[in-house]
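Taking it in order: structure first as structure tokens, then the write-up.
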Amino acid sequence: MRILITNDDGIHGHGLKVLAEAAKLLGEVKIVAPDRERSACGHAMTLRDPLRVTSVPFDGLEAYTVNGVPVDCVNVGLTVAWPDGCDLVLSGVNHGPNLGFDITYSGTVAGAMEGAINGIRSISVSLATFVVEAPPHWETASQWLGENLGKLAGLPEQELCFLNVNIPSIAPNEVRGTKFAEMGRRVYKDRVERRDDPWGRPYYWQGGAVVMKANQPGTDVMAVSEGFVSVTPLSLNWTQHKLARLQAETIGWPSDL
Ligand code: MN
């Protein structure tokens, strides 16, 4: 199996090593990752600047850095690393969760999204840490991926769909299992904080605390908060067929849905 790996934490992100180790068991791995952290860049792509690609050492694997974002890395990867195409695009392992609405901000998820747009089976993987100071349980991601990545890579698939996986950052023996779950809601409070610079001028820092409304049965948010690994198939077709039919009927316009 020909495998392309990217991430949004950058070439030095520890999760990239974790994912590469697990992927090596499945086939030939090539890495194309941002040259620095690009978290929360979403599905952005670089259009106005040249992309520079640099070959770098990476545990004996063919690896490159790109001065861009994960989407750039996937597309550069399909030009430089795997010009004849590949069978699997992996993105991660992200340091931090990509649950619920995080999916829309996430560069990690965007990497898998770009793989799906290119018609390649794609999986994004995140380690769901919730306490900033707590050391991340990378060993849990290693163990889970070692046991399950091959199974995910063999699942039935659908055009323009990809998988988003969140592994709770808890000890391996505390993981209660793995569940398919739907995209939940993740709400932040105090999203933008006002501070003052040394000259008394205000500046604003975006971040905010997550309000984990864990009582969302069936969702990735709830599964991970209860100690399960969540697996969520996502589709790039965002069309709401039922709503479109209802709205078309209400307004009296034709609908092709
Ligand atoms: Mn990240």
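The values are calculated or read from the model by the stated rules, or taken from the named source; none is laboratory data. All values derive from a computational prediction rather than experimental measurement. Note that we place each Cβ from the backbone using ideal geometry, even for glycine, and neighbour counts take in every protein chain shown. With ligands, DNA and RNA removed, areas are computed over all heavy atoms of the protein, side chains included. Shrake-Rupley method; radii C 1.70, N 1.55, O 1.52, S 1.80 Å.
Just checking, does the stretch 71-93 include any residue being under 17 Å from the mean Cα position of the chain (by Cα) and over 28 Å from ASP49 (Cα atoms)?
No, because not a single residue in the stretch 71-93 is under 17 Å from the mean Cα position of the chain (by Cα) and over 28 Å from ASP49 (Cα atoms).
Quick test of your reading of the structure: ASN173 fulfils all but one of (1) exposed (fewer than 10 other Cβ atoms within 10 Å of the Cβ); (2) in a strand (DSSP E or B). Name the failing condition by number.
The one condition ASN173 does not meet is (2).
If you take the residues in the stretch 133-143 that are in a loop (DSSP other than H, G, I, E, B) and without any contact (Cβ under 8 Å) to a residue 40 or more places away in the chain, which one is surrounded by the fewest Cβ atoms within 10 Å (Cβ to Cβ)?
Once the filter is applied, the top-ranked residue is GLU133.
With respect to the numbered conditions (1) free of Cβ contacts under 8 Å to residues at least 40 places away in the same chain; (2) farther than 26 Å from LYS151 by Cα; (3) open to solvent by less than 20 Å² (accessible area, probe 1.4 Å); (4) part of a strand (DSSP E or B), which one is the sole condition not fulfilled by VAL29?
Just one mismatch for VAL29, condition (2).
Residue by residue through the stretch 9-26, note down the ones that are open to solvent by 80 Å² or more (accessible area, probe 1.4 Å), over 14 Å from GLY60 (Cβ atoms) and away from the ligand (no atom under 16 Å from the Cβ).
Listed by number, the list holds a single entry, LEU25.
Taking the conditions exactly as written (at pLDDT below 90 and basic (Lys, Arg)), does ARG185 satisfy them or not?
no
Restricting the first residue to the stretch 119-132 and requiring it to be open to solvent by less than 10 Å² (accessible area, probe 1.4 Å), which pairs with a second residue that is assigned to a strand (DSSP E or B) and aromatic (Phe, Trp, Tyr) meet a Cβ separation below 8 Å and a spacing of at least six or different chains?
That search, which allows pairs on different chains as well, returns SER122/PHE162; ILE123/PHE162; SER124/PHE162.
Name the residue, out of ASP35, ASP84, that is open to solvent by 10 Å² or more (accessible area, probe 1.4 Å) and away from the ligand (no atom under 16 Å from the Cβ).
ASP84
List every residue pair whose Cβ atoms lie under 8 Å apart, where the two residues are 6 or more positions apart in sequence or sit on different chains, the first residue falls within the stretch 225-244 and is aromatic (Phe, Trp, Tyr), and the second residue, located anywhere, is modelled with pLDDT of 95 or more and surrounded by 19 or more Cβ atoms within 10 Å (Cβ to Cβ).
These pairs meet every condition: PHE228/PRO168; PHE228/ALA181.
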